[in-house]
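Okay, so here's the structure we're looking at.
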Amino acid sequence: MWSNISAVSFLLTGFPGLEAAHHWISIPFFTVYLSVLLGNSTLLYLIKDDHNLHEPMYYFLAMLAGTDLMVTLTTMPTVMGVLWVNYRKIYPGACFMQAYFIHSLSIVESGVLLAMAYDRFIAIRNPLRYTSILTISRLVKLGVGVFLRGFLSTLPAIVRLFSFSYCRSHTLSHAFCLHQEVMKLACADITFNRIYPIIFVSVTFFLDYLIILFSYILILKTVMGIASAEERAKALNICISHICCVLIFYVTVIGLSFIHRFGKKVPDLVHIVMSYVYFLFPPFMNPIIYSIKTKQIQCGIRRLLSKQRIRNES
């Protein structure tokens, strides 16, 4: 039995059976990695630099971009280490902290999407009171609440990982650490670690999604009451980017959950690919969606490119 956890190391896996192709597999992964870093960093820079974007909607978008950046920076270094140089070892402390950030940030992202739905709800249902309701102090409280919920709610399960002894196989089935994978290696009673995450995460995601859905039902009801077709289209257009991001996030969550719970006969490779889709697809798509659908972001990107062009010419 591994009585001294500090002396133990876990082994990460990439794509079992495809180890010879890891260098080729790393090419699309690294491309997506760079795209996520570039896209979300650009959004953060634009929102910080452009005073026209200093509005509640864009502050929430900055929270989403920051969360996506943190998710990617938490997962991808170990993934690229496995794919590039076959560096598979990770010590328990680093593994548990990686799992903590991965799971916490997933709950944070759900909370940010919920906060963005609240922003759209106020913008359409109470446009004249928008700035008086969504004050800076209220935005700060919402942001702090979202992050505290994410980072405090996962602590009980993660902290218990440090107290377990690990005497089973020390090989994990991904190129990053997940709580549900680590706890299976423990030689201890893991009942709490099995039940608590399932109940809390399921209830959290379900309630967030339900509230977002209900808010859009009320928004749609308000929009349908607008007499002008042009005004109706304009009102719906300001919501479409957020709706796309919500669908991408929750569809991947539901897809991964179904595969994990009911896909026992599904090849392990499918489980692995779905995990990467869950962690990479939303951070990759969110900046693209907002860049395509939001005129203010498009204008900001054009200004940024023109500044860069002027610097290059001078």
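Computed from the coordinates by the stated procedures, all read-outs in this text should not be read as laboratory data. From a predicted model like this one, the values you see are computed outputs, not experimental measurements. Note that we place each Cβ from the backbone using ideal geometry, even for glycine, and neighbour counts take in every protein chain shown.
Results, tabulated for the structure shown:
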item	result
Packing-based order for 66-76, 153-163, using average beta carbon neighbours within 10 Å, highest first	66-76, 153-163
Dipole of region 8-307 [Lys/Arg +1, Asp/Glu -1 at C-beta], most positive-end residue of His103, Met224, His54	Met224
Base-10 log of normalised Debye intensity for region 62-221 (one unit scatterer per alpha-carbon) at q = 0.10, 0.14, 0.18 Å⁻¹	-0.47, -0.80, -1.10
Ordering of 112-121, 12-21 by packing [mean C-beta count within 10 Å, highest first]	112-121, 12-21
Calculated Rg/Rh (Cα atoms, Kirkwood Rh) (choose from [x] 1.09; [y] 1.17; [z] 1.01), label	[z]
Length-normalised contact order for the chain - Cα pairs under 8 Å, 6+ apart - percent	26
Residue-averaged 222 nm ellipticity for the chain, from DSSP H runs of 4+ at -39500 (n - 2.57), nearest 500	-26500 deg cm²/dmol
Net dipole in debye of the chain [+1 Lys, Arg Cβ; -1 Asp, Glu Cβ; about Cα centre; nearest 20]	320
Tyr278, Tyr130 arranged by Cβ crowding within 10 Å, fewest neighbours leading	Tyr130, Tyr278
Isolated Cys in the chain, by beta carbon distance under 4.7 Å	Cys239, Cys244, Cys245, Cys299
Net dipole in debye of region 104-208 [+1 Lys, Arg Cβ; -1 Asp, Glu Cβ; about Cα centre; nearest 20]	260
DSSP H segments from the chain that extend 20 Å or more along their own axis, Cα-based, with Kyte-Doolittle mean of 0.5 or above	22-49, 56-85, 92-125, 136-153, 191-224, 229-262, 268-293
Sorted by Cβ density within 10 Å, fewest first, the residues Ile124, Ile198	Ile198, Ile124
Neighbour-count order for Cys245, Cys177, fewest beta carbons within 10 angstrom listed first	Cys245, Cys177
D_trans [Stokes-Einstein, Kirkwood Rh over alpha-carbon pairs] for region 202-305, 4 °C, 1.567 mPa s, µm² s⁻¹	80
Count of lysine pairs in the chain with Cα separation under 24 Å (8 or more residues apart, or interchain)	13
